[in-house]
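Taken together, the values in this text are just the output of simple stated rules run on the coordinates, not laboratory data. These numbers come from a predicted model, not from an experiment. Cβ sites come from the backbone with ideal geometry, for glycine too, and all protein chains shown count toward neighbours.
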Amino acid sequence: MNILLLGSGGREHALAWKLTQSNKCNNLYVAPGNAGTSEIAKNLDISVEDFDAIDKAITDLSIDMLIVGPEAPLVLGVRDFLEPKYPNLAIVGPDKNGAQLEGSKDFTKQFLVRHNIPTAKSQTFTAENFNEGLAYLKGHPLPVVLKADGLAAGKGVIIAETQEQATEEFTKMIKENKFGEASSKVVIEQFLTGIELSAFILCDGKGYVTLPEAKDYKRIGEGDTGLNTGGMGAISPVPFAKTGFMEAVEEKVIKPTVEGLKKDGMNYKGFLFIGLMNMNGEPYVIEFNVRMGDPETEAVMTRIEDDLVDVFEKMHRQELEDVTLSISDEYATTVMLVSEGYPGSYEKGRTITNIESYENVEVFHAGTKKSGDEILTNGGRVIAVTGKGSTMEEALESANKAAEGISWEGKNYRRDIGFDLR
Ligand code: AMP
Ligand code: GLY
């Protein structure tokens, strides 16, 4: 089978690593990929949003399976563009309609409410009912959450601590296009207190399989302080999820979600990432993403024992109803190594050394590129190291050793991943 994977992050290197372990994988291409994927697959110099170039590659390389890593091509309708032309191509990722579950917060809220799935109370406002929005905010308990409806590069959520801040931000979002078109609609939402968890399913339009859950560490600073990032580390399994929480997630969130997708006629084929808040043992949906998480994938993929190509083929044939994944009991802990300055501005092109093999560790590249024999930094998040072990502590020790060993000028990482789960 010839496989094309779209994306260039740590998530894609981890997916590529898993795909190449399958006997069914003859040729793997990654577009555009990174230095890590170039070592195990062939990188194609194609942007994930260049549908014509992707189309040409599918024909030229006789691609049988297309896996879409990031959300942007899905929201832009890559499935809708390719499916009519290649009915036999197994595409992992929903169509444009399904991708609204990530592309529009308001669409997601309506979906959750319509299908009785627990979520924070909310109301949506635009320029037309701006004054009603102001009035709604006045009576709202604090803190209050303001969400730009559309994609805003992970920055569109504001947690306002005071009435003044809430009013000011709401005004900026709607009246001054703070997040461009994405904030022409704003969801005002109740603040949920608890601990977050990422759940993942793969859907085929009829059935689904549940992947291992993970906990992501979003803030740049130790002790969960400072600015939000794409994710600085991940832990899987999540110890608190073992005590009945995942059963509650399955019954109260996953099953009604999959039923909802069917009732709404979405024919959803691809990953669904369910961002959850655990509030006193009860799950609430904070968000959906229509892709896998990064860096959660770098932890989760190392725990799946099944042949991933086989699972994707079953997804394409709508046979997931009969599948249960085999999951390793081991812990996987991911530590993300980032560039100095990230998530603000940072320099690229620094030489990385000591990317060798570390015991009980998988090294996944994110923002890296090759230059001759050298590997250079090429992004904010640069390398994800995943440690494995029979306990979380053991896994973390391995990951932290590799995080310390790999080096470049200005490397930064959190030494406290998992601190709240010990
Ligand atoms: P989102 O883009 O919806 O995932 O929001 C980004 C982050 O904001 C989430 O991962 C949470 O940490 C936080 N967040 C979003 N919605 C809420 C909420 N209703 N209550 C508390 N925190 C939230
Ligand atoms: N780690 C969170 C995300 O991928 O959105």
- Message: Pairs of alpha-carbon atoms within less than 8 angstrom and 6+ residues apart define the contacts here; what relative contact order does the chain have, in percent?
- Response: 17 percent
- Whole-number Å³ per residue for the convex hull built on Cα positions in the range 322-385: 139 Å³
- Task: Report the Stokes-Einstein translational diffusion coefficient (µm² s⁻¹, integer) for the range 85-228, Rh taken as the Kirkwood radius over Cα pairs, at 25 °C with viscosity 0.890 mPa s.
- Result: 143 µm²/s
- Using the 10 angstrom Cβ neighbour count as an exposure proxy, how do MET1, MET301 rank, fewest first? MET1, MET301
- Rounded Å value of the spacing that divides the Cα centres of the range 356-422 and the range 106-137: 40 Å
- Query: What area, in nm² and to one decimal, does the C-alpha convex hull of the range 193-239 cast on average over all directions?
  - Reply: 4.6 nm²
- Using Cα pairs under 8 angstrom and six or more residues apart, how large is the relative contact order of the range 89-179, in percent? 24 percent
- Query: How would you order 55-62, 382-389, 196-203 from highest to lowest mean count of nearby Cβ atoms within 10 Å?
  - Reply: 382-389, 196-203, 55-62
- Message: For the range 146-223, report the % of Cα-Cα distances exceeding 21 Å.
- Response: 49 percent
- Query: Kirkwood Rh, the chain, all Cα pairs: how many Å?
  - Reply: 22.0 Å
- Note on the structure: Taking every DSSP bridge whose two residues both lie in the range 1-150, the antiparallel percent to the nearest 5 is 0 percent
- Using the Kirkwood formula over every pair of different C-alpha atoms, what hydrodynamic radius in Å results for the range 342-422? 13.4 Å
- Message: Using a Gaussian network model on the chain with a 10 Å cutoff between Cα atoms, which of ARG291, ARG219, ARG381 fluctuates the most?
- Response: ARG219
- Message: I'd like the Kirkwood hydrodynamic radius of the range 232-387, using the inverse of the mean 1/r over distinct C-alpha pairs, in Å.
- Response: 18.2 Å
- Taking Lys and Arg as +1 and Asp and Glu as -1, residues besides LYS85 with C-beta under 13 Å from its C-beta add up to -2
- Message: Net charge around ASP95, counting only other residues with Cβ within less than 12 Å of its Cβ (Lys, Arg = +1; Asp, Glu = -1)?
- Response: +1
- Task: In whole Å, largest first, what are the principal axis extents of the Cα atoms in the range 1-125?
- Result: 48, 29, 25
- Note on the structure: Mean-square fluctuation maximum in Gaussian network of the chain, Cα pairs under 10 Å, restricted to LEU19, LEU227, LEU74, hits LEU227
- Determine which aspartates and glutamates satisfy two conditions relative to LYS175: a Cα distance under 15 Å, and not lying fewer than 8 residues away in the same chain. GLU128, GLU132, ASP149
- Query: Given PRO141, PRO94, GLY9, which one lies farthest toward the positive end of the charge dipole of the range 1-154, if we put +1 on the Cβ of every Lys and Arg and -1 on the Cβ of every Asp and Glu?
  - Reply: PRO141
- For the chain, what is the mean residue ellipticity at 222 nm derived from helices alone (per DSSP H run of n ≥ 4: -39500 (n - 2.57); sum divided by total residues; nearest 500 deg cm²/dmol)? -7500 deg cm²/dmol
- Note on the structure: Of the listed links LYS218/LYS255; LYS18/LYS262; LYS269/LYS314; LYS105/LYS242; LYS109/LYS147, those spanning more than 21 angstrom between alpha carbons are LYS218/LYS255; LYS18/LYS262; LYS105/LYS242
- Whole-Å semi-axes of the range 97-171's equivalent ellipsoid (Cα gyration tensor): 22, 14, 12
- Given a cut-off of under 8 Å on Cα pairs at least six residues apart, what relative contact order in percent is computed for the range 285-405? 27 percent
